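Chemist: Below you will find the structure I want to go over with you.
No value in this document is a laboratory result; all are computed from the given coordinates. Remember, predicted model here, so these are calculated numbers, not experimental data. Neighbour counts run over all protein chains shown; Cβ positions are idealised from the backbone, glycine included.
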Amino acid sequence: MTVFTPTILLCAGGTGGHLFPAESLAHALRARGVRVALATDARVDAFRDTFPASEFVTIPSATPSGRNLVKRASALVTLGRGFGTALRAVKRINPAAIVGFGGYPTVPPVLAGQMLKVPTVLHEQNAVMGRANAFLARGARTIATGFKDVRGVPDKAGAPRIHTGNPLRPAVIEAAKVPFAPLDQGGTLRLLVFGGSQGARVMGEVVPKALAELPADLRARLHLVQQVRPEDLTAVQNDYLALGLAGLEAAPFFKDLPARMAASHLVVSRSGASTVSELAAIGRPAILVPLPGALDQDQAANAATLAGIGAALALPQTAFTPDRLTAELVEYFENPEKLTRAAEAAKSAGIHDAAERLAAVVVETAART
């Protein structure tokens with residue numbers, strides 16, 4: 001007797017911010033005996049070896065934004081080609097449901113699924129709904145959210161909203177088991193600084209100057225781990241080596257970032273949805289500097305969720321100056337109990353089983369055909 005194994009088609013933009021939660025959901029679905037396929041753009045090649053999908057579909061994609069009308073028109077033509085590719089793929093795969101995680105590469109396959117009457121679930125990672133998800137929201141069967149309150153959901157989107165949290169990578173779940181180690185009076189403060197592809201530069205400009213302004217006795221109690229752009233690495237290392245820090249690790253990329261979060265007393269970073277959710281799950285204090293210039297200010301909204309409960313300090317980039325960072329570090333050195341309280345607040349907001357919650361929503365939505 002042939003046993004029918006349903007397929008769920010996951011659709012995600014080709015960056016880690018979209019693909020990491022999709023990967024976590026894929027693991028949870030496979031644990032339920034569900035076959036998983038992934039549709040995304042050409043950047044998926046970097047994830048093929050680790051993403052637990054039985055099939056990959058590459059969708060032609062582009063972003064129709066900006067003021068250049070020629071580029072916008074070209075992007076729309078590419079998305080049109082992507083829709084044709086997606087329509088054929090959805091018909092062939094015949095998924096029981098489609099899950100969209102945002103990003104323009106999700107528009108063709110999710111829209112194709114909606115036109116073919118396939119139940120669709122949208123997962124919005126940010127505290128403000130992204131443009132791709134907002135475009136698709138009206139035809140969604142269910143909308144799952146990473147944050148409890150999400151702005152920017154179109155009024156015509158009548159699908160029920162379910163707060164599942166943001167699915168976390170296995171490395172984050174493991175790191176979340178590490179308890180926060182309070183900073184002792186006179187002890188070494190472990191500081192982790194990273195900014196992602198759109199934030200490493202400002203961190204490299206501000207943090208060295210801020211640490212140079214610290215009193216020498218406090219610099220001698222600071223262990224720094226910082227992500228630095230490759231082109232800035234030598235200059236930043238030279239800046240730090242003259243400061244007499246207790247310890248220094250600088251690199252363009254850290255594969256074990258969740259473990260380094262868990263080993264830290266304080267994190268300074270951007271406030272993407274994954275970063276904010278991981279900080280909460282692991283339970284670490286943070287100074288968050290939202291990416292400026294975003295039309296929907298999603299990172300500012302993400303940061304506000306932790307700032308509002310005392311788990312983080314949210315600073316707009318204009319306020320993220322060497323003087324301000326120096327002052328905040330001095331405050332933490334002198335009042336280390338503030339770090340402990342912030343860590344406890346962050347931990348209270350963490351959702352560790354978000355992937356399982358989302359998998360349950362997807363399976364239930366697929367059953368409502």
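Chemist: If I stretch the segment between residue 353 and residue 367 completely, what's the gain in nm (0.36 nm per residue apart, minus their alpha carbon distance), one decimal?
Modeler: Numbers: separation 14, 0.36 × 14 = 5.04 nm, distance 2.15 nm.
So the chain would gain 2.9 nm between residue 353 and residue 367.
Chemist: Same structure, new question: Please work out whether the stretch 197-272 counts as rounded, prolate or oblate from its C-alpha gyration tensor, where a ≥ b ≥ c are the square roots of the eigenvalues and a/c under 1.5 means rounded, while otherwise a/b larger than b/c means prolate and anything else oblate?
Modeler: On the way: a/c = 1.66, a/b = 1.25, b/c = 1.33.
It is oblate, given that a/c is not under 1.5 and a/b is not larger than b/c.
Chemist: Is it possible to state the helix-based mean residue ellipticity at 222 nm for the chain, with each DSSP H run of 4+ residues giving -39500 (n - 2.57), the sum divided by total residues, to the nearest 500 deg cm²/dmol? What is it?
Modeler: Numbers: 14 runs with 154 residues, N = 369.
So the helix-based figure for the chain works out to -12500 deg cm²/dmol.
Chemist: Further question on the same structure: Along the stretch 164-169, what does the Karplus equation 6.51 cos²θ - 1.76 cosθ + 1.60 (θ = phi - 60°) give for ³J(HN,Hα), rounded to whole Hz, x for Gly and Pro?
Modeler: Taking θ as phi minus 60°, the curve returns 9, x, 9, x, 10, 5 Hz for the stretch 164-169.
Chemist: Please identify, among 352, 223, 18, the residue showing maximal mean-square fluctuation in a Gaussian network model of the chain using a 10 angstrom Cα cutoff.
Modeler: Evaluated over the chain, the most mobile residue of the options is 223.
Chemist: For labels at residue 177 and residue 231 in the simple 7 Å Cα→Cβ model, what's the distance in nm?
Modeler: The two pseudo-label positions are separated by 4.2 nm.
Chemist: Given R₀ = 41 Å, FRET efficiency for residue 135-residue 241 by Cβ-Cβ distance, to 0.05? Present the calculation step by step, with values, prior to reporting the outcome.
Modeler: Numbers: r = 49 Å, r/R0 = 1.21.
Efficiency computed from Cβ-Cβ geometry: 0.25.
Chemist: When a/c is below 1.5 the answer is rounded, else prolate if a/b is larger than b/c, else oblate, so apply that to the stretch 173-348 with a ≥ b ≥ c taken from the square roots of the Cα gyration tensor eigenvalues. Display every interim value, and only then the final one.
Modeler: Values: a/c = 1.39, a/b = 1.10, b/c = 1.26.
The shape class here is rounded.
Chemist: By how many nm would the segment from residue 212 to residue 317 grow when fully extended, if each residue of separation counts as 0.36 nm and the alpha-carbon distance is taken off?
Modeler: Length difference between fully extended and current span is 35.8 nm.
Chemist: Under the 0.36 nm per residue contour assumption, what length would be gained going from the current alpha-carbon distance of residue 115 and residue 254 to full extension?
Modeler: Working: separation 139, 0.36 × 139 = 50.04 nm, distance 4.17 nm.
Going from the current span to full extension adds 45.9 nm.
Chemist: Same structure again: Compute a Gaussian network model of the chain, connecting alpha carbons closer than 10 Å, and tell me which residue from 159, 273, 175 fluctuates the most.
Modeler: Comparing 159, 273, 175 in a Gaussian network model of the chain, the most mobile one is 159.
Chemist: If you work out Rg and Dmax of the Cα atoms in Å from the coordinates, which of (1) 24.9, 81; (2) 19.9, 65; (3) 21.7, 74 do you get?
Modeler: This structure yields the entry labelled (3).
Chemist: Could you list, in their original order, any pairs among 255/347; 117/177; 156/338; 91/148; 148/255 whose Cα atoms are separated by more than 32 Å?
Modeler: On the way: 255/347 23 Å; 117/177 42 Å; 156/338 44 Å; 91/148 34 Å; 148/255 29 Å.
The answer is 117/177; 156/338; 91/148.
Chemist: Can you list the residues, at least 5 places off or on another chain, whose amide H is less than 5 Å from the amide H of residue 99, using H built in the peptide plane?
Modeler: 9, 10, 11, 121
Chemist: Which whole-Hz couplings ³J(HN,Hα) result when phi for each residue of the stretch 146-160 is put into the Karplus expression 6.51 cos²θ - 1.76 cosθ + 1.60, θ = phi - 60°, listed in order with x for Gly and Pro?
Modeler: Once θ is set to phi - 60°, the couplings for the stretch 146-160 become x, 10, 4, 10, 10, 8, x, 6, x, 4, 7, 7, x, 5, x Hz.
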